[in-house]
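Since the structure comes first, as structure tokens, the remarks are kept for the end.
The values are calculated or read from the model by the stated rules, or taken from the named source; none is laboratory data. Worth saying up front: this structure is predicted, and the values here are computed from it rather than measured. Here the Cβ is made from the backbone with ideal geometry for all residues, glycine too, and neighbour counts use every protein chain on show. Remember, those area values only see protein heavy atoms, side chains included, never the ligands or the DNA or RNA. Shrake-Rupley method; radii C 1.70, N 1.55, O 1.52, S 1.80 Å.
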Amino acid sequence: GCVLVVSVIEQLAQWHTSTVKAAMERLCDYIPGKYQIMHHMSCCIDREMNADVVCHSLRLCKQDPGQPLCHLYSPPKKEKHSSGLFHALAHARPKHQIRSKSFMGFSSVCAFPLLANLCEKIKHVLRNKLPFEDFDGDKFSTFPTLRGYHWRGRDCNDKNTTVYPGRRPDNWDAKSDSNCNGIWGVDPKDGIPYEEKFCKGAGSKGVVLLGDSAGAHFHIPPEWMTVTQMSAKSFANLPMAFSDELDWPQFSEITGFLNSTIGGWTDSLYLRLRKRNRCNHRDLQNISQNGIRGKLIQEIRSSLARNQLLDNPAIVIYATIGNDVCNGERDTLAHMTTPKEMLSNVVKALRYLDSHLPNGSHVILTGLVDGRFLWDNLHDRYHPLGQLNKDVTYSQLYSFLDCLQVSPCSGWLTPNETLRNLTSERALQLSNVLKEIASSEKFANFDVFYMDFPLRQTAEEWRKMGGEPWQLIEPVDGFHPSQIAAALGTGITWQKALHEWPQVLGKENPFNDQIEAIFKDQGGY
């Protein structure tokens, strides 16, 4: 965190030909609220020292005994190896030693007074994976962030626990909208409730994603650290982004429903199901979490909102596409999920789902990605932090994160080709476990399908459109699928389902145009 902030301040000073103090003031003006910690830093930043030297001299970065000295930038030119960094630190420390004490209390971002309240809310949400503001306790909310309606359909009555998206209509919603799809009341011409007229026998289904950070759609805006594009507008979405855990499920591949504001465009399984049958409006749940692995049973138990007797069936996408092989451990292979563990974890989760999903539901198991794509397409490109001075490649970023033992995936984000291949080998083994489950396991309330993660097809499709493979990867973390990849992946998944599992998607509702004509001003997101 320190290296990131100091890098941005130093580059702002360089780009605007200003002092470090002026660059600091500029950044503080850009960012909503007053993050006072940065004012204390201004005394200690010297444009002649790179961010690694500054942060180590401030003791915000440290070197544990027996561990290498972690650095993002190449060591200072005095010597082209790490002793050059030691030399720079020895000269920097006396100047900054006294000042560095003021930082010792800030062991995490949540120690900053103005962020403490938000951090408490986020911690509550992470513990429970449920909306922070949910007055009737039905797991749906009228508030967008903190696991609110960005993550699951918007509640239309947060004071009534029997009113929520996805339920079967109460008395055909003749008097009120019990399932929040915006269709209610009685046709005065014939006295038949609109819900009965338009949705009866339409095979309404919701969509539920059980996923990891890719499913939650993790994204750090590159304009937060690209000084040539930086303005107050760049940080306007910062409070919302933190309240959503730096995830953007409202634009995601499975549950996206708003027009993307982070590049690309939004296309999702939910939007296509809604277009196919307008009665599906708002019936979505994104139960994804950054860092989650195949052991999803706890998340499903606490977060899934589906009543077997009262609600419509659901299409459940089970997609932990990387974290079962991805970790930041030194001995990464030893910490990967084994095929035996994968089988046990997934079957347990499916048995739980069988006891909670309404009859007629479907489950699609998604295979793991082949993450060699990341290194192959990014390692020698410049990261947003390195674009101004051509001094930080993705290879350097990956090594820095690995050194800090916070790499999102030590097995794939590495120059070690053997390790990358072994990681992909394990990913394939785990995908084969999912494939076997889909072909052999039977459940009472849903059928099970398997599909490979469509990375190769997505890359081919994007190439045909004139795009480059690296644009399919998030630019800041160099790890997650980008907005473009998410939107293209939706189309590929939809076509596969349409041709191989048409029963999953249900039939097209012939009354869609009539529903839109009558209820166009109701049931907004």
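Between LEU258 and GLU329, residue separation times 0.36 nm minus the direct Cα-Cα distance comes to 21.9 nm.
Checking the cross-link pairs LYS175/LYS520; LYS62/LYS340; LYS62/LYS121; LYS435/LYS464 against a 27 Å limit on the alpha carbon distance flags LYS62/LYS340; LYS62/LYS121; LYS435/LYS464 as lying beyond it. Other residues whose C-beta falls under 13 angstrom from the C-beta of LEU455 contribute a net charge of -3, scoring Lys and Arg +1 and Asp and Glu -1. Ignoring ligands, DNA and RNA, please state the percent of accessible area on the chain from carbon and sulfur, probe 1.4 Å. About 53 percent, which is the carbon plus sulfur part of the accessible surface. Put simply, when 505-517, 133-145, 233-245 are sorted by average Cβ atoms within 10 angstrom per residue, most first, you get 133-145, 233-245, 505-517.
Compute the label zone of GLU508 within the range 196-234: residues whose backbone N is under 17 Å from the point 7 Å along Cα-to-Cβ. Backbone N within reach: 202-204. The label-point distance for LYS21 and GLN229, in a model that sets each label 7 Å from Cα toward Cβ, rounds to 3.2 nm. Dipole size of the chain about its Cα centre, with +1 on Lys/Arg Cβ and -1 on Asp/Glu Cβ: approximately 780 debye, rounded to the nearest 20.
Computed on the chain, with alpha-carbon pairs under 8 angstrom and 6+ residues apart, the relative contact order is 15 percent.
Computed from the C-beta positions of LEU309 and CYS119 and an R0 of 45 Å, the FRET efficiency is 0.70 to the nearest 0.05. Model label sites at GLU500 and ASP391, defined 7 Å from Cα along the beta-carbon direction, differ in position by 4.9 nm. The equivalent ellipsoid of the range 303-377 has semi-axes of 31, 15, 9 Å, largest first, where each one is the square root of 5 times an eigenvalue of the Cα gyration tensor.
Each label point was placed 7 Å from the Cα along the Cα-to-Cβ direction; for LEU4 and SER302 their separation is 2.4 nm. For the chain, the residue among CYS180, LEU273, THR261 whose Cα projects farthest onto the positive side of the dipole built from Cβ charges is THR261. Positive-end ranking of TRP412, ILE192, PRO469 along the dipole of the chain, with charges on Cβ about the Cα centre, is headed by TRP412. Rounded to the nearest 500, the helix-only mean residue ellipticity at 222 nm of the chain stands at -11500 deg cm²/dmol, with each DSSP H run of n ≥ 4 adding -39,500 (n - 2.57).
Nearest-5 percent of antiparallel DSSP beta bridges in the chain? Counting only bridges with both partners in the chain, antiparallel ones make up about 20 percent. Extension gain, THR161-GLU436: 0.36 nm per intervening residue step, less the Cα-Cα distance, totals 95.1 nm.
Candidates VAL54, GLN298, TRP151 compared by Cα position along the dipole of the chain: farthest toward the positive end lies VAL54, with charges placed on Cβ. Values (1) 29.6, 95; (2) 25.1, 87; (3) 43.8, 166 are given for comparison; Rg and Dmax of the Cα atoms in Å, derived from the coordinates here, is the one labelled (2).
Solvent-accessible surface of the range 194-519, taken per residue with a 1.4 Å probe and all protein chains present: 39 Å².
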